[in-house]
Amino acid sequence: MADSSFDIVSKIDRQEADNALNQAAKELAQRFDFKNTGASINWQGEMGVEIEADTEERVLAALDVFKDKLVKRSISLKALDAGDPRSSGRTYKISCTFSAGISQEQAKKLGKLIRDEGPKKVKVTVQGDELRVSSSSRDDLQAVISLVKDADLDFAVQFLNYR
């Protein structure tokens, strides 16, 4: 019998992130406490977001609105790397980036966790920026999924291609 497998990846759904950004922009335009503060949120390149407002407090509040919309859209906040507010002339700005892919260091850490604490018959292989976990037992794969979900990782993970 062939082995069953699944992939562990770290990526965001760009369309969901775009929807969250558009909802946050709409809320910033409509909410009373953001009136006349110059609060705005825009894409900055492919995976970057820039938030801008007149005061440091308003730009941080706008970031909280954006984070709230991301959570409602099932995007992990571990994938968002938000910088500190910086003064830019008369306004304050925060630059955020979305991280995608599992680095070699993170892959080694995750592979070690699975080998040390997971079922013994499980094989882990690194394939670029994702991990393939395979085993002859689907129960072992389910155990690995729950192990990784319960682990306190500093990056977001998703499980794909379960077969």
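Bear in mind that the values in this text are calculations on the coordinates, not laboratory data. Not measured: the values here are computed from a predicted model. Heads up, the Cβs are rebuilt from the backbone with ideal geometry, glycines too, and the neighbour counts pull from every protein chain shown.
Computed quantities for the displayed model
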item: Estimated FRET transfer efficiency when R0 is 41 angstrom, pair Arg132-Glu57 (beta carbons, to 0.05); result: 0.35
item: In the range 25-111, the trypsin sites (Lys or Arg not before Pro) that fall in loop regions by DSSP, at most 11 other Cβ within 10 Å; result: Lys35, Arg90
item: Estimated FRET transfer efficiency when R0 is 30 angstrom, pair Gln158-Glu50 (beta carbons, to 0.05); result: 0.70
item: Whole-number percent relative contact order across the chain, with pairs defined as alpha carbons under 8 Å at least 6 apart; result: 34 percent
item: Gain in span if fully extended, Arg90 to Arg115, counting 0.36 nm per residue against the direct Cα distance; result: 3.7 nm
item: Charged-residue dipole, Cβ positions (Lys, Arg, Asp, Glu), the chain about Cα centre, Debye nearest 20; result: 360 debye
item: log10 of Debye I(q)/I(0), alpha-carbon scatterers only, for the chain at 0.09 Å⁻¹; result: -0.40
item: Exceeding the 30 Å Cα-Cα cut-off - candidates Lys67/Lys109; Lys72/Lys120; Lys69/Lys149; Lys78/Lys112; result: Lys72/Lys120
